[in-house]
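Participant: Structure provided below as structure tokens; questions to follow.
The values are calculated or read from the model by the stated rules, or taken from the named source; none is laboratory data. Please read all numbers here as calculations on a predicted model, not as lab measurements. Because the Cβ atoms are built from the backbone with ideal geometry, glycine has one as well, and the counts that use them run over all protein chains shown.
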């Protein structure tokens, strides 16, 4: 196919509503500048914008295509072209992709192009995260969805936790951590298979259970109690505890408290 001219392909392909689009896609891949000049001569703005989008899809070198658009297009034509370039350009040249986003800011195509570019940047090491930080610092509001809680902790100023389609909690990381009863969690380790905290006198009044397994119990203090007081109470539990440690609550701990399970489950 790359060695076939547009006229040859025109004779091979059956007539139909998609024929011209297929011809444009093929020519965009083999001789994009020739097709680009032909499209610029189209007088109907709707047809021109549509064909510019096809040109952008078929142009194999996204960096060259973006530079051509920058020098030759403006207004709605430029917006239509850029909105199709996003993903491939982000993979090929992250900095060029961010430059395109800056040019699109304030246009109707910004949101859709941003989504495509972020997905493309995500394929290049941590470029997606870097782009999100940069754009966020510039005042762009970003709705960032992820299954990786560590990403949400580091990237998001506000976090919403959704489980089975229901929004369970929303707030800053600090606000979500406070749902656990403070900024410290106590992790008890030992043989806890037969342990039942409900049988321990006064335990539920003093501690909130975040997670329990056969060998670990994670709790937070009820009310504002000093850590030393909590540690003393935990050492006096009627169960053999091998180790007690303190840790700062993570977003995963909040998810556990809200859903009763690990995200990966």
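Participant: Testing residue 190 on (1) on the phi > 0 side of the Ramachandran plot; (2) surrounded by fewer than 17 Cβ atoms within 10 Å (Cβ to Cβ), one condition comes back false. Which one is that?
Facilitator: Evaluating residue 190 over (1) on the phi > 0 side of the Ramachandran plot; (2) surrounded by fewer than 17 Cβ atoms within 10 Å (Cβ to Cβ) leaves (2) as the failure.
Participant: Taking the stated definitions as given, is residue 179 at pLDDT 85 or above and in contact with a strand residue (DSSP E or B) (Cβ under 9 Å, 6 or more places away or on another chain)?
Facilitator: So residue 179 does not fit the description; no.
Participant: Mind checking which residues of the range 36-49 are modelled with pLDDT of 90 or more and touching a helix residue (DSSP H, G or I) at 6+ places or on another chain (Cβ under 8 Å)? Lay out the reasoning, then the answer.
Facilitator: First pass over the range 36-49, keeping only residues modelled with pLDDT of 90 or more: 36-48.
Those that are modelled with pLDDT of 90 or more and touching a helix residue (DSSP H, G or I) at 6+ places or on another chain (Cβ under 8 Å): 36, 39, 40, 42, 45, 48.
Participant: So, one more: For the condition without any contact (Cβ under 8 Å) to a residue 60 or more places away in the chain and over 30 Å from residue 164 (Cα atoms), what is the one hit in 237, 246? Before you say what the answer is, go through the steps one by one.
Facilitator: Working: 246 fails: without any contact (Cβ under 8 Å) to a residue 60 or more places away in the chain.
It is 237.
Participant: Right, next: Give me a count of the residues in the range 39-60 that are in a loop (DSSP other than H, G, I, E, B) and either free of Cβ contacts under 8 Å to residues at least 12 places away in the same chain or surrounded by fewer than 13 Cβ atoms within 10 Å (Cβ to Cβ) (or both). Write out each step before concluding.
Facilitator: Taking the range 39-60 as the starting set, the residues that turn out to be in a loop (DSSP other than H, G, I, E, B) are 41-44, 59-60.
Pick out the ones that are also either free of Cβ contacts under 8 Å to residues at least 12 places away in the same chain or surrounded by fewer than 13 Cβ atoms within 10 Å (Cβ to Cβ) (or both) and you get 41-44, 60.
Residues that pass the stated criteria total 5.
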